[in-house]
Structures are given as structure tokens and as C-alpha cells.
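What follows draws every value from the coordinates through simple rules; no lab data is involved. In this text the structure is predicted, and so the values were computed from the model without any measurement. Cβ atoms come from the backbone with ideal geometry, glycine included; neighbour counts cover every protein chain shown.
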Amino acid sequence: MKAIKNLLWKCVSILSIFALMMPAPAVAKPLDADSARSKIVKRGVGAWVCVEERSGILLIGRIASINTDGFGLQLENYPEVTPVSYADVTRLRFGLSGKGIGIIVGAGVAVAVISAVVMHHEFEANKAQLPSTPTMPPFP
């Protein structure tokens, strides 16, 4: 029985390694100009954004200006504003939202509380028991 269990664990671990090494499928459709413009306007000037253009170039920086046909991006360590057209944008990434950060913090606090409760329970359950003192016989 242990041999079968060990074999299954090895197979599952090898399959998970290969699943992690596979490239992610490109299921995201490219943005059109109107949806890219609405997302940029929603975030506003000063927000950090990662823009993937149709040519394959990735630009990371702050939104410096918003126009009707494009927006200006101030790249990190580059003082001049780079113009980006909405028609050239295929993908936008903005990072974690407030909700995502809240979930991560909540999960960390939950793990800490659960581990503290389990450790306290195990400490109390496995506490060394002192032997009881023997009773003395009464004097005659």
C-alpha cells in the first residue's frame, strides 16, 4: 500500500512540475481603443501602468497626460513623456487593487491566528504531567 502511495505522489509531483513549466495560454483578447481609453481615464493621471503595445514593447511608468487619441507615459528613470496611442495598446496592467491587498493581508492574519491556536492547543495537550505525591499512611 505504501509503495502505491509513494508512486502516486511521485506521479503527481512530476505532473505538477510540467504543468507549471507550460506556457500560459494567451486567452486574453487585445483591447480596442475605446476600452483602453476608458480604463486609462478611470485610473487617472499619476497612476502606475504597464502597457503592452502591438509591436510587443512593454512600457512601465506613470500616466502623465490623457488626450482623446492617446496618453502620455512618463517612464521610470526617463524624464521625457512618451506618447502612446490607444490604437497601439493590446494589454494594460495596473497592479494589485485595494481588494487584492486586503485579501492578502486577511489571509496572512488568518494563518497567524490559526497557527497560534493550534500551537497553544498542542502545548496544552502535550504538557508534561507531574506524578502525584504518594499519600502518607496515618500515624498509629
Rounded D (µm²/s) - segment 33-93, Kirkwood Rh over Cα pairs, Stokes-Einstein at 4 °C, 1.567 mPa s: 116
FRET efficiency, Met21 to Asn126 (Cβ-Cβ, R0 35 Å, nearest 0.05): 0.25
Gly70 long-range amide H proximity, modeled H, under 5 Å: Tyr86
Binned Cα-Cα distances of the chain, short to long, each 5 Å bin given as a whole percent: 2, 7, 10, 10, 8, 8, 9, 8, 7, 6, 6, 5, 3, 2, 2, 2, 1, 1, 1, 1, 0, 0
Point-to-point label distance, Arg91-Leu8, nm (Cα→Cβ direction, 7 Å offset): 3.7
